[in-house]
Amino acid sequence: MRIHYDQKVDLLYIRLDERKQKVINKRIFEDVVLDIGRNNRIVGIEILDASKHVDVRKIFPVKTERSSAAVASR
């Protein structure tokens, strides 16, 4: 699992499966989008306006990446 937080656009992306694969995006809430991969498995979770929903500082025990660039590839 990898967590990426982009402070510039306040986007939190949680990657559950590191394998490269085609995904389908499925919006389940206004601010939450799931990346669905092979066999209908969730491979990523995108949280828009993340600071409204999550305290990123509490996630630090898990490896985090902070950047000012948008999530480029999934």
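The values are calculated or read from the model by the stated rules, or taken from the named source; none is laboratory data. Here the structure is a predicted model, which is why all the values come from computation and not from measurement. As a convention, Cβ positions derive from the backbone with ideal geometry for all residues, glycine included, and neighbour counts pool all protein chains shown.
Close contacts from the stretch 16-33, counting a first residue that is under 19 Å from S51 (Cβ atoms) and at pLDDT 95 or above and a second that is of a type in the set (D, E, K, R) and surrounded by 10 or more Cβ atoms within 10 Å (Cβ to Cβ), with Cβ to Cβ under 8 Å and a gap of 6+ residues or different chains, come to D31/D49; V32/E46; V33/K26; V33/R27; V33/E46. With respect to the conditions (1) at pLDDT 95 or above; (2) part of a helix (DSSP H, G or I); (3) not aliphatic (A, V, I, L, M), G44 lacks only one, and its number is (2).
Considering only residues in the stretch 1-24 that are touching an Asp or Glu at 6+ places or on another chain (Cβ under 6 Å) and not hydrophobic (A, V, I, L, M, F, W, C), the one that is surrounded by the fewest Cβ atoms within 10 Å (Cβ to Cβ) turns out to be D10.
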